[in-house]
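Notes follow once the structure below has been shown.
The values are calculated or read from the model by the stated rules, or taken from the named source; none is laboratory data. Note that the structure is a prediction, hence the values are computed from the model and not measured. Glycine also receives a Cβ, built like all others from the backbone with ideal geometry; neighbour counts cover every protein chain displayed.
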Amino acid sequence: MIGLLVLAQKDVAFGLLEAVDHVLGQRPPALVAFPVHYETPPDELTTALSKAIRAVDQGEGVLILADIYGATHINVACRLLARHRVELVTGLNLPMLIRVLNYRDLPLDDLIGKALSGGMEGIVCATEFCLLDDAKHEVH
């Protein structure tokens, strides 16, 4: 099983895992939130993130799903990619996370594609659908 690490600002990481618990009814194994605090020095962040990666690694690699490319914690994660069997995908959203959890039995390289497609397909402009739905329920 691929280990999953949700790397995001403070409560965002925990909030996403709480949403997963609600949607799936339970917390899947080898899924960990790694909340980032702005005041954490990069060297401490490197040590803690490396430890978290080892904790979720089940022998098939780890996929880090992270919030925003270019942030300090992403730069730290990038430096750890060569030390561990890890892939990093940024732009994390709940649809991406749910998609990944539904396909965790795939090889790590294939799971990256599922993460990207789940994240992108979860972003929609819902206005048209909402207006159509409102029209169906309009009282005449």
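If I filter region 4-26 for residues that are basic (K, R), modelled with pLDDT under 95 and not in a helix (DSSP H, G or I), do I get at least one hit?
no
Could we say that E121 is loosely packed, with under 13 Cβ neighbours inside 10 Å, of a type outside the set (K, R) and closer than 21 Å to A19 by Cβ here?
Working: loosely packed, with under 13 Cβ neighbours inside 10 Å: yes; of a type outside the set (K, R): yes; closer than 21 Å to A19 by Cβ: yes.
The answer is yes for E121.
Could we say that F34 is at negative phi, aromatic (F, W, Y), in a helix (DSSP H, G or I) and in contact with a strand residue (DSSP E or B) (Cβ under 8 Å, 6 or more places away or on another chain) here? Lay out the reasoning, then the answer.
Working: at negative phi: yes; aromatic (F, W, Y): yes; in a helix (DSSP H, G or I): no; in contact with a strand residue (DSSP E or B) (Cβ under 8 Å, 6 or more places away or on another chain): yes.
So F34 fails the test.
Given the condition in contact (Cβ under 8 Å) with a residue 60 or more places away in the chain, within 21 Å of L97 (Cα to Cα), of a type outside the set (S, T, N, Q) and surrounded by 14 or more Cβ atoms within 10 Å (Cβ to Cβ), answer yes or no: does some residue in region 38-53 qualify? I'd like the intermediate steps shown before the answer.
Taking region 38-53 first, the residues in contact (Cβ under 8 Å) with a residue 60 or more places away in the chain are none.
No.
Cβ contacts < 9 Å: first residue acidic (D, E), restricted to region 1-29; second residue in a loop (DSSP other than H, G, I, E, B) and modelled with pLDDT under 95, any location; separation 6+ or different chain. Result?
Listed pairs, sorted by first residue: D21/R27.
Output the residue which, of all residues in region 81-92 that are among the hydrophobic types (A, V, I, L, M, F, W, C) and surrounded by fewer than 17 Cβ atoms within 10 Å (Cβ to Cβ), is nearest to P42 (Cα to Cα).
First, pick out the residues of region 81-92 that are among the hydrophobic types (A, V, I, L, M, F, W, C): 81-82, 86, 88-89, 92.
From the residues that got through so far, the ones that are surrounded by fewer than 17 Cβ atoms within 10 Å (Cβ to Cβ) too are 81-82.
Values: L81: 16, A82: 17 Å.
This residue is L81.
So is V76 at pLDDT below 95, surrounded by 17 or more Cβ atoms within 10 Å (Cβ to Cβ) and farther than 12 Å from V6 by Cβ or not? Lay out the reasoning, then the answer.
Values: at pLDDT below 95: yes; surrounded by 17 or more Cβ atoms within 10 Å (Cβ to Cβ): yes; farther than 12 Å from V6 by Cβ: yes.
Yes; evaluated as a whole, the condition is true for this residue.
Taking the criterion of being at pLDDT below 95, surrounded by 14 or more Cβ atoms within 10 Å (Cβ to Cβ) and touching a helix residue (DSSP H, G or I) at 6+ places or on another chain (Cβ under 7 Å), would at least one residue in region 93-103 satisfy it?
No - not one qualifying residue is present in region 93-103.
Cβ-Cβ distance below 6 Å, separation of 6 or more or different chains: which pairs start in region 121-140 with a residue that is modelled with pLDDT of 70 or more and end on one that is surrounded by 10 or more Cβ atoms within 10 Å (Cβ to Cβ) and not hydroxyl-bearing (S, T, Y)?
G122/N93; G122/P95
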